[in-house]
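The block underneath contains the structure these notes are about, expressed in structure tokens.
The values are calculated or read from the model by the stated rules, or taken from the named source; none is laboratory data. Model, not experiment: these values are computed from the prediction. In this analysis, Cβ positions are derived from the backbone assuming ideal geometry, glycine residues included, and neighbour counts consider all displayed protein chains. For the accessible areas, the whole protein counts, side chains as well, though only heavy atoms, and no ligand, DNA or RNA atoms are used. Shrake-Rupley method; radii C 1.70, N 1.55, O 1.52, S 1.80 Å.
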Amino acid sequence: MATLKDFMKNSVVELRKKCEEKGLSKRGLKAELAKRLLEAAQAEEQQAEEQAVPEATAEPEDPVAPEVKEEEVANVIEDADNGAEEEEKAYEEMTEEEKILKRAERFGTVSSDQAKLKMRALRFGIPDKDKIKAEEKAKMEARAKRFGLVMSDEEKAKL
């Protein structure tokens with residue numbers, strides 16, 4: 001088997017002559033010519049090996065095996081089709097609420113409207129309304145203590 005080093009030992013003129021003999025392009029640098037000749041030599045060796053392998057040494061095919069494989073494949077395909085049909089029927093029979101819950105479970109999302117609102121508030125940094133009311137109430141009470149104001153029960157209920 002020829003190597004790239006073997007081809008690089010030749011001069012450019014010799015490499016071009018070999019390329020012309022093999023019907024390859026004779027243009028390019030020495031490295032390109034050597035690489036082109038090496039690839040051609042490897043291709044020739046592969047063709048020779050393929051022709052040298054006698055067809056009699058190949059293993060005979062078992063006539064029973066393909067039939068068994070085809071049956072197994074057919075059974076697997078049939079089972080998959082039946083499972084898909086059952087799943088479709090089950091999905092069609094579901095109510096809208098069940099479909100929403102199943103989708104939420106499948107994709108890891110929340111399904112209730114209140115939960116969606118809370119998730120959106122967290123995502124966009126919107127403070128929770130209950131938390132705001134508690135903070136405002138605490139501020140108002142602190143302000144009342146500081147200034148000596150008395151809050152009526154009605155004002156406390158509004159907060």
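Would you mind finding the one in Ala84, Ala31, Ala115, Ala74 that is closer than 30 Å to Lys129 by Cβ and either modelled with pLDDT of 80 or more or open to solvent by less than 60 Å² (accessible area, probe 1.4 Å) (or both)? Among Ala84, Ala31, Ala115, Ala74, only Ala115 is closer than 30 Å to Lys129 by Cβ and either modelled with pLDDT of 80 or more or open to solvent by less than 60 Å² (accessible area, probe 1.4 Å) (or both). Within segment 53-61, is even one residue open to solvent by less than 70 Å² (accessible area, probe 1.4 Å) and at pLDDT 85 or above? No - not one qualifying residue is present in segment 53-61.
Scanning segment 1-18 for residues that are farther than 11 Å from Glu32 by Cα and part of a helix (DSSP H, G or I) gives Lys5, Asp6, Val13, Glu14, Lys17, Lys18.
Evaluating Leu37 against the criteria (1) open to solvent by 60 Å² or more (accessible area, probe 1.4 Å); (2) at pLDDT 80 or above; (3) part of a helix (DSSP H, G or I) leaves one unmet condition, (1).
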